[in-house]
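S.K.: Please find one structure pasted underneath; my questions will follow.
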Amino acid sequence: MDWSRAIERNSEALKDIIEVLFAMLGLVGEATVARFPRSVHSGVLRVLRPAESAMRRLIVIAARGLVVKPAPSRPMPAGPIGKGGGSRRPSFQLFDPRKNFESLHHRTFTRNPPRIHIFGSDPRVAALWPAPQPVADPAPPPDDLVNTERLTRRLQALKFALEDLPRQARRLARWRVRWENAPHLKFRSPLRPGHPPGHRRKAIHEVDELLAECHGLACDALKPDTS
């Protein structure tokens with residue numbers, strides 16, 4: 001398998017997709033847009049999610065066989081954490097967001113629910129259960145604009161990560177060293193089980209095909225080398 005060629009080919013495809021997303025939001029450099037039409041925000045997000053997943057898998061491929069020294073521990077910064085962080089370059093998230101199964105654990109089911117039969121129309125019975133009040137849908141903003149600061153930061157983090165893929169691979173390799181020395185860490189892989197975030201069963205955009213290829217390559221790259 002020519003891993004270098006695979007990284008180069010998929011990086012170029014992802015670069016083209018990112019440029020289109022930047023153009024959709026009218027972004028230049030590290031500028032951010034505070035508010036944007038909801039339709040544009042949704043359209044960018046539908047492509048951004050699978051693009052981020054493809055980027056994580058490119059990092060996994062680039063980190064294949066990479067050996068690094070453990071990073072030295074650094075002291076906690078003085079003062080409030082995050083102070084002045086708005087001017088820093090956003091850092092790309094190396095791990096897939098995990099699915100939340102907590103709601104299933106707390107859900108309780110009644111094994112044998114009571115069966116109540118009401119014959120006739122008795123107003124005294126109807127008074128026991130007050131009629132539910134209709135819930136009005138929240139009114140949309142008058143200008144139909146939504147906040148896009150977080151979206152633009154995610155898009156910028158994706159762009160910066162692709163521009164410096166070797167550094168992202170070293171970040172992942174350092175995490176792998178920490179995991180080997182501390183096996184109690186929560187995640188054993190940067191990729192979550194099952195389909196990647198943003199996966200669509202039927203491809204509707206070129207990013208879907210890119211994600212499918214990168215996911216397959218990343219799964220091969222994570223397999224132990226038996227040669």
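S.K.: For Val33, are the conditions met, namely being at pLDDT below 85, closer than 26 Å to Lys15 by Cα and of a type in the set (A, V, I, L, M, F, W, C)?
M.R.: yes
S.K.: Now a separate question. So, in the stretch 150-186, of the ones that are of a type in the set (Phe, Trp, Tyr) and at pLDDT below 90, which residue ends up surrounded by the most Cβ atoms within 10 Å (Cβ to Cβ)?
M.R.: Keep residues of the stretch 150-186 that are of a type in the set (Phe, Trp, Tyr), which gives 160, 175, 179.
Filter again for at pLDDT below 90, leaving 175, 179.
Working: Trp175: 18, Trp179: 15.
Only one residue tops the list, namely Trp175.
S.K.: Does at least one position in the stretch 67-80 carry a residue that is exposed (fewer than 10 other Cβ atoms within 10 Å of the Cβ), modelled with pLDDT under 90 and touching a helix residue (DSSP H, G or I) at 6+ places or on another chain (Cβ under 9 Å)?
M.R.: yes
S.K.: Let me ask something additional. Report yes if Ala212 is in contact with a Lys or Arg (Cβ under 7 Å, 6 or more places away or on another chain) and either part of a helix (DSSP H, G or I) or touching a residue at least 24 places away in the same chain (Cβ under 8 Å) (or both), otherwise no.
M.R.: no
S.K.: Which of (1) assigned to a loop (DSSP other than H, G, I, E, B); (2) modelled with pLDDT of 90 or more is the odd one out, the single condition Pro50 does not satisfy?
M.R.: Going through (1) assigned to a loop (DSSP other than H, G, I, E, B); (2) modelled with pLDDT of 90 or more one by one, Pro50 breaks only (1).
The values are calculated or read from the model by the stated rules, or taken from the named source; none is laboratory data. Note that the coordinates shown come from a computational prediction; the quantities given were computed from them, not determined experimentally. Note: ideal-geometry Cβ built from the backbone for every residue, glycine included; neighbour counts use all protein chains shown.
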